[in-house]
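These notes concern the structure reproduced below.
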Amino acid sequence: MKLNELKPGDWVIVTDDGVSREGSVVRVSNEEREVCVDNGIQEFWYPLDQVQGIPLSEEQLMRLGFEKMDNPAGNGTKYGKGPFRVLVPASDNFSRSEVWYREDRRLFDRPITVSELQNIHLQMTKVPLLH
């Protein structure tokens, strides 16, 4: 995970003393190379090596407010939130995806994380995608 890709509101997993928790990025310190994360209990600064992305999955999309949609083309599973769409090709299990908003389409031939999707959504729609 790259420090410059993290933004306030992004959801990540932090690991502290062997315990992993999901949390929301509050601030990023480029000077200290640390990330302040609200892990649901407290806000705490974590070194970048203790912060990792949450793999995108159907469960995570549902938590972000997406709905499973009919896909008459039958080429995978489509999820939508307003005009924003995510298509996961059949039997790919989120190892690839296609994301689009209006005329802007982006293909990913690798798994993406929740925070990446949040940043893609913000770039494309100018609206934060909150957990």
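Among residues of segment 1-21 that are within 11 Å of VAL37 (Cα to Cα), those with a beta-carbon under 6 Å from a residue that is of a type in the set (Phe, Trp, Tyr) and surrounded by 13 or more Cβ atoms within 10 Å (Cβ to Cβ) at least six positions away or on a different chain give the pairs VAL14/TYR46.
Output the number of residues of segment 94-131 satisfying the condition of being closer than 22 Å to GLN52 by Cβ and in contact with an Asp or Glu (Cβ under 6 Å, 6 or more places away or on another chain). Summing the residues that are closer than 22 Å to GLN52 by Cβ and in contact with an Asp or Glu (Cβ under 6 Å, 6 or more places away or on another chain) in segment 94-131 gives 3.
Screening segment 22-125 for strands (runs of 3 or more DSSP E) wholly inside it with 1 or more residues that are in the same structural domain as GLY9 (by TED's automatic domain parsing), over 17 Å from the mean Cα position of the chain (by Cα) and under 18 Å from TRP11 (Cβ atoms) returns the ranges 34-38, 43-47. Determine if segment 60-68 includes at least one residue that is basic (Lys, Arg) and in contact with a His (Cβ under 7 Å, 6 or more places away or on another chain). Yes - at least one qualifying residue is present in segment 60-68. The residues of segment 27-42 that are touching a Gly at 6+ places or on another chain (Cβ under 9 Å) and modelled with pLDDT of 95 or more, listed by number, are VAL37, ASP38.
Go through segment 1-21 and report how many residues are among the polar types (S, T, N, Q) and assigned to a strand (DSSP E or B).
2
Tell me whether segment 72-84 contains one or more residues that are of a type in the set (Gly, Ala, Ser) and under 20 Å from MET1 (Cα atoms). No - not one qualifying residue is present in segment 72-84.
Being among the acidic types (Asp, Glu), surrounded by 13 or more Cβ atoms within 10 Å (Cβ to Cβ) and closer than 27 Å to ASN4 by Cβ holds for only one residue in GLU116, GLU58, GLU43, and it is GLU116. Checked against (1) in contact with a helix residue (DSSP H, G or I) (Cβ under 7 Å, 6 or more places away or on another chain); (2) modelled with pLDDT of 95 or more; (3) of a type outside the set (Lys, Arg), ASP16 passes all but a single condition, namely (2).
The values are calculated or read from the model by the stated rules, or taken from the named source; none is laboratory data. These numbers were taken from a predicted model, which means no experiment stands behind them. Glycine gets a Cβ as well: all are built from the backbone with ideal geometry, and neighbour counts include every protein chain shown.
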